[in-house]
Every structure is written in structure tokens, then in C-alpha cells.
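For reference, the structure is listed below as C-alpha cells.
The values are calculated or read from the model by the stated rules, or taken from the named source; none is laboratory data. Owing to the predicted nature of the structure, the values given are computational and were not obtained by experimental measurement. Counting neighbours? That spans all protein chains shown, and the Cβs are built from the backbone with ideal geometry, glycine included. The accessibility values were calculated without ligands, DNA or RNA, using every heavy atom of the protein model including side chains. Shrake-Rupley method; radii C 1.70, N 1.55, O 1.52, S 1.80 Å.
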Amino acid sequence: MDFKKIILIIILFFVLFLSLLYFLKPNESQGDKKDSLSPEEQMVADRISPLGNGDGFWDEAISPFREDRTKPYLELLDDLKSGKVNFVWEVWALRRKCNPDFTPEQCNATILAYIDSEYESPDKEKVKDLFVSYFRYEEEYRKWEQPTDLSFMELYEKIKSKRREILTDKAELIFGMEEAQVSFLEGTNNFLKQTTNVPAEQRVKQFEEFKKKTYGNYYDSLVSREDKFDHYQMEMSLRDKEYTSIGDSKEKEKYLYKIETKYFGKEKADLLASERKKEAKLSESISAYELKEKEFLRENVNLSQSEKEKKLNDLRIQMLGSEEEADAYVRRKNIEEAGK
């Protein structure tokens, strides 16, 4: 994963985050919002909501409020502090269960009524206080005129200050995990640049330390949600300088196989190694064929075009191993030629 890919990931995260902010601004009904989602906003909605698209408010389990038992307030608090539960995602999940014709205020009132029915005092009052505080934050955010001449990170710092102004100590509880993720994404590119000359093993170790420090209490929850392939790509990017410096192809393959085994297990690593071996063999066959093709064309200038094509097709099948590979080679060459 190079610097450009890291930057792309950061930009994608910011797009998703800004999509969330967008939903705090409009005054249209919940139904109108649902019908006017952009692709990016739909990605956010699909990702953050575990509820699907059911129409009933009461008919599906809602984490963490509908499990085998309702979470006590202190347990919910611990889950929020550790990142096991993301408060904003849960608000959105509950809102998706509201009648699409409800206004935002009606939906919020329904959520509070739901909490009333699920919790006993004193947990009920404490949980409701979190939701009421967040609803109040949304109202204030809609009224806030944001500066338009700031970079994203400058604006984000203003947003963080606004959250603490409105929510005080609840801001960390509600937005702490998101803010840790933004800090991590912002710092990753700087880390990669600053550690370019650090030995690979040390660089990998330092990156994990940087990640733990930046994520803090949310580290275990966030890492558990990350994709293994993303972890693998990141480690390979950290090791890129060392990996590309290996001259011997067999040693290079051993190096790659070791990292793949670490992330995907021996069976998957064996399969990947086998596929690379096939690709390398095919690449050698293609190179050999192209030399033969040039030689053939040079020595058979008087043949008709149809005769040349027939004999070259036979040569491709013979040297590439199958008619399928021969056809695939022709398709790739046609695409390459069309792109020039």
C-alpha cells in the first residue's frame, strides 16, 4: 500500500464522515432523506445499521438495546468507552426503524418512548439523558454556521470544540471512537514518511505502537473490525523497501509467503503461492511466444493474413498450454492496443 492509497483511504473516510454531517443539516422529513441518499450516504447507512430494512419498529433485535437482556447502563457505558458500541450508529439504527413518514422530532420521541419501555429506573433516566443530549447536539449543530475557508482538519477541530461546548463530558463518550479514527488516519501518512529509513521489523512494531497509542481504549474493538487483507497490505507497505531490495526471486517468495501465512494461514498462503507460480510460468510462456511470433512474422511475410492468424493461433495454443489461455492472451493484447 503506497502513499497514494493511504491518502485515498483518508479521503474516503472523510467523504463518509461528511456524509454523516450532511444528515444533521437538512430539515426535510425522515422519509425524504431515505429517498434521496447519495451512493456514499447509502454506504454509510448500510454499514452502520445492523437492522436491515424492516418496516416495524418493534420486530427486530436492536443492539445493544434488544439482546437476550437489556444492557444495564454501566455495561452500556463500558461498551461505549471501549468502542464495542458506537452511540451514533445505534441512534441511526433506531431511527431506521421509525415510520418513514415521521418527522425527526416524532422519531426521536418514539426512540425515547422505546427506552422508557425497555429500562427501569435509574438506568432509564441515564440512558435517556444520553439520547436527549445527542438530540440537543443535533439541533445546535443545524444552527451552527460553519467556517468555509478551513481545511478538513481545521474544520474538524472546530467541530470537536463545538461538540464539547454542547455535550461537555458526553462528547468523548459519543464521538471518542470516531475522533480516534480520524487522528489515526491523519497520522498514518506522516508516520510512513517519517519512518521510511527505519528497518522493516522495527517499523512494523513502531506502527502497531502508534496505532495502539492513537486508538487508546478503542484499540481492541477497532482492530477486531478491520479486514485481514487491509492489515496485510499495510504491513507489506511498511516492509516495501526491504521487500523490493531482495534480488533473489526464491528469497522474495519466501519473504512474501511468511507474511501471508501470518495473516491468512498456511492453506491460503499455499494457494496464493501456487497462483503466483502459475502466473510466473504463464508470463514466461507469453514472453517465449512473443519472440516466436516476431520470428514467424519475419520469416513468413508472403503468407496471407488469414494463414498468418491461423498458424499464430496454433502456436499460441501450443506455447500457452490451452485454447482458453490463448484466447485470453488475444483479449488482453486487444485491450492494450485499444488503450494506446
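Between Ala200 and Leu173, the modelled labels are 4.7 nm apart [label points 7 Å from Cα along Cα→Cβ]. On a per residue basis, the stretch 246-339 carries 74 Å² of accessible surface, using protein heavy atoms and a 1.4 Å probe. Compared with the direct C-alpha span, the chain from Arg164 to Leu282 gains 36.5 nm at full extension, assuming 0.36 nm per residue.
Run a plain Debye calculation on the stretch 153-193 (Cα atoms as equal point scatterers, no solvent) and give log10 I(q)/I(0) at q = 0.26, 0.29, 0.33 Å⁻¹, rounded to two decimals, same order as the q list. Debye output, listed in q order: -0.87, -0.98, -1.09. Each of Val132 and Glu267 was given a label point 7 Å from its Cα along the Cα-to-Cβ line. The distance between the two points is 5.4 nm.
How big is the stretch 246-339 by the Kirkwood estimate over distinct Cα pairs, in Å?
15.7 Å
Stretching Leu315 away from Val301 to a fully extended chain increases their span by 3.4 nm, per 0.36 nm per residue minus the current alpha-carbon distance.
Can you tally the net charge around Pro122? Count Lys and Arg as +1, Asp and Glu as -1, for every other residue whose Cβ sits under 15 Å from the Cβ of Pro122.
Charge balance in the 15 Å sphere: -3.
Legend: residue pairs Lys228/Lys277; Lys294/Lys333; Lys81/Lys160; Lys205/Lys268; Lys162/Lys213; Lys250/Lys281, Cα-Cα distance threshold 20 Å; pairs beyond threshold, Lys228/Lys277; Lys205/Lys268; Lys162/Lys213. Measuring r between the beta carbons of Glu139 and Val88 and using R0 = 25 Å, the FRET efficiency lands at 0.95.
If you stretched the chain out fully between Asp220 and Asp149, how much longer would it get, using 0.36 nm times the residue separation minus the C-alpha to C-alpha distance? Intermediate results must be reported in sequence, preceding the final value.
Details: separation 71, 0.36 × 71 = 25.56 nm, distance 3.65 nm.
Separation in residues times 0.36 nm, less the Cα-Cα distance, equals 21.9 nm.
Projecting label points 7 angstrom from Cα along Cα→Cβ for Glu208 and Glu253 puts them 2.8 nm apart. When the solvent-accessible area of the stretch 119-161 is split by element, carbon and sulfur atoms take up 45 percent of it, the probe being 1.4 Å. For the stretch 212-340, the carbon plus sulfur part of the accessible surface works out to 51%, probe radius 1.4 Å.
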